[in-house]
Amino acid sequence: MDWGTASEAAQTELIVDIGGQIGDTIEGLGKFLKNTRMMVYLVMMAIRIVEMKRILKDTGTLYLHCDTHAGHYLKIILDAIFGRSQKRFRNEIIWCYSGGGVPKKDFARKHDTIFRYSKGDNIVFNVDTVRTSYSEGSQNRMKTSATKAFRGEKIYDNYSMNQLGKHPDDWLEIPKKIRKAEKSDYNTQKPFELYQRFIKASSKVGDFVLDPFAGCGTTVIAAEQLGRQWLGIDLTYLTIGATKLQIEKLCPNIRGQIKIIGTPENEDQALQLAQSDPQGFEDWCIAHVLKFKRTAKTPGDGGIDGTLKFPIGSVKGKQAYGKGVAQIKGGNHTLGHIRDFRTAMQNENADFGIFVTTTTPTSGIEQEIARAGIYEHPSYILDIPVLQYYQIQDYFQNKLPKIPHAERKIL
Ligand SMILES: C[S@@+](CC[C@H](N)C(=O)[O-])C[C@H]1O[C@@H](n2cnc3c(N)ncnc32)[C@H](O)[C@@H]1O
């Protein structure tokens, strides 16, 4: 995102209203980075980290997971907010992994960095829950120390082996590949083990975990599974939809209890979203209403906004799939748009299509819908019109579009 009024406002707030160390730091970084995208990102993060520190308990810990592009700037910002002189910086944790992809003229990047900061001195650190196993080398070293101790030679306390395992290091190796059953198809999904370790180490059962950049919900799911309370925040309707499905899949005991705040809750709010943020409206319809996979916009895609792949039984011993497509039109449209959608459906070899709108169909559109006929799902009793004209108002009266629900999943 480019520099704009939001970045300007955040920068002014940091320098003028909040001031102090973070104000000076942002002013200095601004002189160096000017109004670049990096600076847009840093002021966005800084203003949020100020709030994260404000709501963090004195016993709590902040873990900030970042990539190599911005990590060094973020560490300066964290120092400025948490207090460099109070030594609130606790660890720079290195998560190592292996995998394909090597740059021609650089060392392969095979680690991520997680900065760990605290607000107070007396923080929760449940070391016994995150101990690791001793390496062969340290086991041998300890045997030597024990022999020396037996001979009355001086040894150090930390050479004695702890029955519960080794004190955890500030680096760890966890495979990056996500297990199939846990996969959300969100491309930056992180392994559960990673965040489980941080949650176990820095909180107790019943404590509160917040991920203000929740993505596909790895943190909040790990928190749920470990008996913590949690809250996730994310900017996009797509990720929130994906997170909800992921939580429902992996934590079935709380299905139906997840509360989403900030998505349209009634017809007026949905219509308002369609007007003020057409992209957000499309994302919300695709991810929350239809639970389709969002398609990337490409020239010549015929305006298809989302697709659904659903199982239709097996053909020659192999699982076969049907295909549904959707187009979202928050504004006005004509019969011509519906016909174009029909053509796009045919080009996509779709079995059925849903045209989501905010208006009522004209008689010409109704005729076009009737002409399209019915899709006969081989193992599903419900009649599915090949072309569905779905008014978003129906969603709030619990009238859902006709969709083979077996695998309504965001891919
Ligand atoms: C890298 S992902 C986070 C992944 C997540 N913590 C995890 O490990 O699974 C970053 C997320 O931050 C969200 N995001 C970006 N800017 C945001 C903002 N200003 N407020 C809230 N969420 C934001 C994006 O939509 C994206 O889902």
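Please treat every number below as a calculation from the coordinates, not as lab data. As the structure is a prediction and not an experimental result, all values here were calculated from the model. Note: ideal-geometry Cβ built from the backbone for every residue, glycine included; neighbour counts use all protein chains shown.
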TODO: Tally the DSSP beta bridges in the chain and give the antiparallel ones as a percent, rounded to 5.
DONE: 60 percent
TODO: Apply the Karplus parameterisation 6.51 cos²θ - 1.76 cosθ + 1.60, with θ equal to phi minus 60°, to every residue of the range 15-26 and state each ³J(HN,Hα) to the nearest whole Hz, in sequence, with x for glycine and proline.
DONE: 7, 8, 7, 7, x, x, 4, 6, x, 4, 5, 5
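Rounded to the nearest 0.05, what FRET efficiency do ASP277 and ILE94 have when you use their Cβ-Cβ distance and R0 = 41 Å?
Details: r = 39 Å, r/R0 = 0.95.
Between ASP277 and ILE94 the formula returns 0.60.
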Task: Label-zone membership for the range 76-91, site ASP24, 7 angstrom Cα→C-beta point, backbone N under 13 Å - done: 80-81, 83-85
Task: Mean projected area in nm² (Cα convex hull; one quarter of hull surface) for the chain - done: 28.3 nm²
- [ ] Let me know the charge dipole size of the range 221-266 about its Cα centre in debye, to the nearest 20, where only the beta-carbon of Lys, Arg (+1) and Asp, Glu (-1) is charged.
- [x] 120 debye
- [ ] Starting from the Cα gyration tensor of the range 162-217, take the square roots of the eigenvalues, sort them a ≥ b ≥ c, and report rounded, prolate or oblate (rounded when a/c is under 1.5, otherwise prolate if a/b is larger than b/c, else oblate).
- [x] oblate
TODO: Among PHE341, ILE365, ILE354, flag the residue with its Cα farthest along the positive direction of the charge dipole of the range 336-380, charges on Cβ as +1 for Lys/Arg and -1 for Asp/Glu.
DONE: ILE365
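Let a ≥ b ≥ c be the square roots of the eigenvalues of the Cα gyration tensor of the range 1-93; is it rounded (a/c under 1.5), or, if not, prolate (a/b larger than b/c) or oblate?
On the way: a/c = 1.77, a/b = 1.44, b/c = 1.23.
Cα axes put the range 1-93 in the prolate bin.
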Task: Net charge dipole size for the range 290-407 [Lys, Arg +1 and Asp, Glu -1 on Cβ; Debye, nearest 20] - done: 340 debye
Open item on the list: Under 5 Å between amide hydrogens, which residues at least 5 positions from GLN388 or on another chain qualify, with H placed 1.01 Å from N in the peptide plane?
Closed with: GLY353, ILE354, PHE355
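Please say if the range 254-411 is rounded, prolate or oblate, where rounded means a/c under 1.5 for a ≥ b ≥ c the square roots of the C-alpha gyration tensor eigenvalues, and otherwise the choice is prolate for a/b larger than b/c and oblate otherwise? Spell out each step's value before the answer.
Details: a/c = 1.59, a/b = 1.17, b/c = 1.36.
In terms of gyration-tensor shape, oblate.
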TODO: Please tell me which of these pairs span more than 19 angstrom C-alpha to C-alpha: LYS177/LYS297; LYS183/LYS309; LYS110/LYS293; LYS176/LYS204?
DONE: LYS177/LYS297; LYS110/LYS293; LYS176/LYS204
